[in-house]
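The values are calculated or read from the model by the stated rules, or taken from the named source; none is laboratory data. None of these values were measured; they are calculated from a predicted model. Cβ sites come from the backbone with ideal geometry, for glycine too, and all protein chains shown count toward neighbours. Heavy atoms of the whole protein, side chains included, go into the accessibility calculation; ligands, DNA and RNA do not. Shrake-Rupley method; radii C 1.70, N 1.55, O 1.52, S 1.80 Å.
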Amino acid sequence: MKRLFTILRVLPFIAYLTIIVGAACSEAVHKDSPAAISRVEQMPNLPQPYSMRDWRQVTRDYLDLALDFHQRGDHLPLASWTDKSHSMVSLPSYVGGPNEAEAINYLAAVVSGSLVGLDMRSFRDQDWVTMGTNFFNADEGVYVNRVHDRTGKSFWYDILPNLLASQIDALYPNDATRDRHALKSALAWHDACEELGAKSSPPTLPSFDHTGFSLKTMRPQEKGWIEPEAAAGIAWLEYMAWVRFKDPQFLTAADWCIRSLEERPLDKSPLYEVLLPYGALTAARMNAELGRHYDVAKLVKNCFDPHGRPQARPGWGVITDRWNGLDAHGLVGSTTDGEGYAFAMNSFQWVGALVPLARYDTRYAHDIGKWTLNLANAARLFYPNALDAKHQSSYAWSAAHDDKSVIAYEGIRKWKRGASTACADFRTTSGKIFKGSFASTEFRGEKPPDFEEFKESPGDETSFEHIWEFDVPKASNRWLVVDAERIDGGHVGNVFQFSFGSRPEGPYTPAFSVSGLGLTQVVELPTALRTKLYVKAQSSNRSVTGGSADQLNVDAMAISYCDTIGPFAQGDLVVTFINLLNEASVPIVLYRPASAATDLGLYGSSHVGILGGIIKTTNVEGILQLDLLKTDYFHSNAFRTYLYYNPHASAKTVEIDVGSEPCDIYNAVSDQLLQKDVRGLTHFIIPTDSAIVIVLAPATKELRHDGKRTLIDDVVVRWAA
């Protein structure tokens, strides 16, 4: 009781001090500051409905399920040994998907477990850390996404495994083998920068306007798109290598990469998938630690703001929207694909890279705190227990095997993309159905293959013709999508022509032709179409001499449309995307059978430990404690540092247990001490719509200023921008 009385007795003074500090904090954030993130200003202070999961427990429960060799049931166990010597584990990227480990999945799970306090060198009696080194390709000197894989297919798939491996090195330091791998990786990507045009004399920057880079041939790779954010991932890798090994060529490479990002025109954002936030963090850290002057605001803006063409990935950024009564603010993905399609992996990774940025530039504390609150609240929507069965693609498996709902969907859409399939084989006038029926065209890519198969009648001069009947969905925009192939039986010059009409007797509008193993075909349907659609397939002119019977195999057919159900949790495995029109605003889809696979994505779920490690709830609902050191890998000597944001319309008193050792509480935003010589449970006040960055420093140690830096006991606690 005496201790409680003491706390209450000093509380009024603390409140007064903190309110004064809060005013200074607010001014510091907005005065002459480029740090305001305009995209975050569009988000609510407190998202609704508010429902914050215990992300630390979600992470632990996820790893208990994903890495348990003794689970039984459909698609279980998820983890399995690849060899009798138990030297490597296979972990599918999707529940029910191919059972082959990806580094972006496996290594992320190792990082996640470590961030929530698990020792992944002995978790479930296995050394997951050492097994992860199987992804290292000794020939190319880097980690690759699959064991024995090679680089060159995609920048982000090649670079992210190396980022994750470096994070594991920070979490489990002083391993000679992994240190050698990190050194070789940094050298390899440094050399790649030079091959991409970087020079110190005369000063020349590398160009990352390529799909990927082969470290085997030392040549850029082109596959029809560019991933310029590779510069951001390499910048982070090279700067971490410089911090570790102090080789100046790594610092040079980091500088090349950051400046190449800076110099891109504003209308050509480098954002492609997941790497760009690492560039923003690296730029902020180099500014703080080395006195550089990189344009952090520009890089942060590119992380958040979606743009149209000519971006590397039009429409991608951070979502600021409410989906059918649910705040989806803060999630990361496409803002235009079906009006919004967010992804779990990207959302989790954004937090891990951008939250530490507030430590190096406290002007971002307010907006990073507000954004993280929105994202962490909306992230529950990736999980099956946040939605009813009709709002997700793989409810049955999760309900049967994941009672704690810890495997997330790969993503979530603002609206479900519907697919109305054929309801009947209306008639066949020539030729015959050799196998299957209209029901066989409901799903794409069944295993074993399930086609509706037609054969022409040999010697019959009448053109083959078959008609399917569809019920037309009530939607404004609809597309007919058909996945079919022609099997050549020797009928020279023949094709199968598809057309559609509103009545079986016609008239029919030509749609497309199938001449072989071509791409899936798509045609937009008239808006005036009502009730019924009839789709006709017929062979071309039978009078060509020297021909014989051909065969038509129809794998899947559907009318693709925007459903009224939303949001809808799914992914890219059960739903297969055929085409993207209008800058990815209209996805055209077919479905795979739910029994064959699910959209529950381990490769996204494995990154959840970022939230679990960084985020803790406090005594005030809606105010989170964000650990700014947790994902600030290879940081310099630092004291415990936390970001708090108050979204409420009034000041709030927040509790913190500082531990048994006496400490001073310093606010890095206002550059002031809040309390001195406290221990155990204490309190501080956060004004409305404000953020503070708390540093818990040893009590009674000297606070001094050295230029733009503030130090306590010779440890930097604030870098002024």
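Results, tabulated for the structure shown:
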read-out: Dipole magnitude of region 275-387, debye to nearest 20 (Cβ charges: Lys/Arg +1, Asp/Glu -1, about Cα centre); value: 220
read-out: Helix 248-262 vs. the chain, principal-axis angle (Cα, 0 to 90°, nearest 10); value: 60
read-out: On Cα atoms only, tilt of 2-30 relative to the major axis of the chain in degrees; value: 60
read-out: Of all accessible heavy-atom area on region 393-447, the percent that carbon and sulfur account for (1.4 Å); value: 51
read-out: Part-to-part distance (alpha-carbon centres) for region 579-625 and region 402-464, which is given in Å; value: 28
read-out: Residues in region 112-126 that a label on His70 would reach, taking backbone N under 14 Å of a point 7 Å out along Cα→Cβ; value: 124-126
read-out: C-alpha long axis of helix 365-378 to longest principal axis of the chain, angle in °; value: 40
read-out: Descending semi-axes in Å of region 627-674, equivalent ellipsoid built from Cα gyration tensor; value: 22, 15, 12
read-out: Principal axis dimensions, region 527-665 - Cα atoms, whole angstrom, descending; value: 96, 38, 31
read-out: Ranked by how many other beta carbons lie within 10 Å on average, peptides 220-226, 60-66 from highest; value: 60-66, 220-226
read-out: Formal net charge of residues neighbouring Lys474 (Cβ-Cβ distance under 12 Å; K, R +1; D, E -1); value: 0
read-out: Efficiency of FRET from Cβ geometry, His148 and Thr217, R₀ 25 Å, rounded to 0.05; value: 0.90
read-out: Cys562 accessible area, 1.4 Å probe, all protein chains in place, Å² to nearest 10; value: 60
read-out: Rotationally averaged projected area of the chain (alpha carbon convex hull; nm²); value: 35.6
read-out: Size of charge dipole - region 433-539 - debye, nearest 20, with Cβ of Lys, Arg +1 and Asp, Glu -1, no other charges; value: 460
read-out: Extension gain from Lys616 to Ser650, taking 0.36 nm per residue of separation minus the Cα-Cα distance; value: 10.1 nm
read-out: Global form of region 307-383, assessed from the alpha-carbon gyration tensor, a/c cut-off 1.5; value: oblate
read-out: Kirkwood Rh in Å, taken over region 460-606 so that all alpha-carbon pairs contribute; value: 17.2
read-out: Estimated inter-spin distance, Lys390 and Ser476, nm [label 7 Å along Cα→Cβ]; value: 2.2
read-out: Net dipole in debye of the chain [+1 Lys, Arg Cβ; -1 Asp, Glu Cβ; about Cα centre; nearest 20]; value: 1340
read-out: Projected label distance in nm at Ile565 and Thr531, using a 7 Å step from Cα toward the beta-carbon; value: 2.7
read-out: Å² of accessible area per residue within region 78-175, as computed with a 1.4 Å probe and no ligands counted; value: 35
read-out: Accessible-area value, Asp388, 1.4 Å probe, nucleic acids and ligands omitted, Å²; value: 80
read-out: The chain, helix-only ellipticity at 222 nm - DSSP H runs n ≥ 4, -39,500 (n - 2.57), divided by all residues, nearest 500; value: -8500 deg cm²/dmol
read-out: Positive-end extreme of charge dipole, the chain - chosen from Tyr143, Val715, Phe498 (charges on Cβ); value: Val715
read-out: Length added when fully stretched, Thr462-Ala399, from 0.36 nm per residue minus Cα-Cα; value: 17.4 nm
read-out: Thr598, Thr177, reordered so the largest accessible area comes first (probe 1.4 Å); value: Thr177, Thr598
read-out: Rounded Å value of the spacing that divides the Cα centres of region 149-202 and region 313-387; value: 27
read-out: Simple spin-label estimate for Glu524 and Leu581 in nanometres, 7 Å along Cα-Cβ; value: 0.5
read-out: Debye intensity ratio in log₁₀ form over the Cα atoms of region 233-387, taken at each q of 0.08, 0.12, 0.21 Å⁻¹; value: -0.24, -0.52, -1.33
read-out: Candidate residues His491, His293: accessible-area rank, largest first, probe 1.4 Å; value: His293, His491
read-out: Overall dimensions of region 137-205 by Cα: Rg and Dmax, Å; value: 13.3, 40
